[in-house]
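A short worksheet on the structure shown next.
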């Protein structure tokens, strides 16, 4: 006599085997999901460290400790951030206006940016950039490196000491880098704080002024930590 279908025992065995298989597959998928989250977390942390490292190394190297940048407590650095370099090519209309050929990370802004001006006598002085306007075509100036804009001509106005001839000007903006509310942030002038990284850090992150440089310590919310030293003289 031919038998069609399955017995109850055979069906129960099949269901049991299928259940074991599904449980193993679920466990495998869960493990892969956890691994994926761990990889993403480590990539985010590595990218955040790189952002802090590269940004501070570049910004602080362009200035002098105690003059162009200093600590504000243990969580922030206030600085005059370097934004461009101009070569004075002539005098414009008016005693305080000069034509320049410049390269920079962005267009200078009158009333907000400041200058460190070098005179022909080899002296530096600080001035507020009061006004900017279009100028003649620039003379040959190297540019295009480090994400900077190519050489451009302009007319700038700043308060200039009488009797001194300006030959070079460095452009700065007032800024503040901080490790606050879980992220590495930047504030330009009196503006709001813009996050440069995701909110990954805990309250133990910060900066410490040392005799020969700056100590940066990043502590992540998962407990991982890293720190490094930025030398003062390079």
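Numerical summary
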{"item": "Footprinting exposure proxy for 177, 186 (fewest neighbouring C-beta atoms within 10 Å first)", "result": "186, 177"}
{"item": "C-alpha long axis of helix 8-61 to longest principal axis of the chain, angle in °", "result": "10"}
{"item": "Largest-first principal axis extents, alpha carbons of region 1-134, Å", "result": "116, 37, 21"}
{"item": "Equivalent ellipsoid dimensions for the chain as semi-axes, Å, which come from the Cα gyration tensor, largest first", "result": "61, 22, 13"}
{"item": "Calculated [θ] (222 nm, deg cm²/dmol) that DSSP helices of n ≥ 4 give over the chain, each run adding -39,500 (n - 2.57)", "result": "-8500 deg cm²/dmol"}
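Bear in mind these aren't lab numbers, they're just calculated from the coordinates by the rules spelled out. All figures in this text were calculated on a predicted structure; none of them were measured in a lab. Note: ideal-geometry Cβ built from the backbone for every residue, glycine included; neighbour counts use all protein chains shown.
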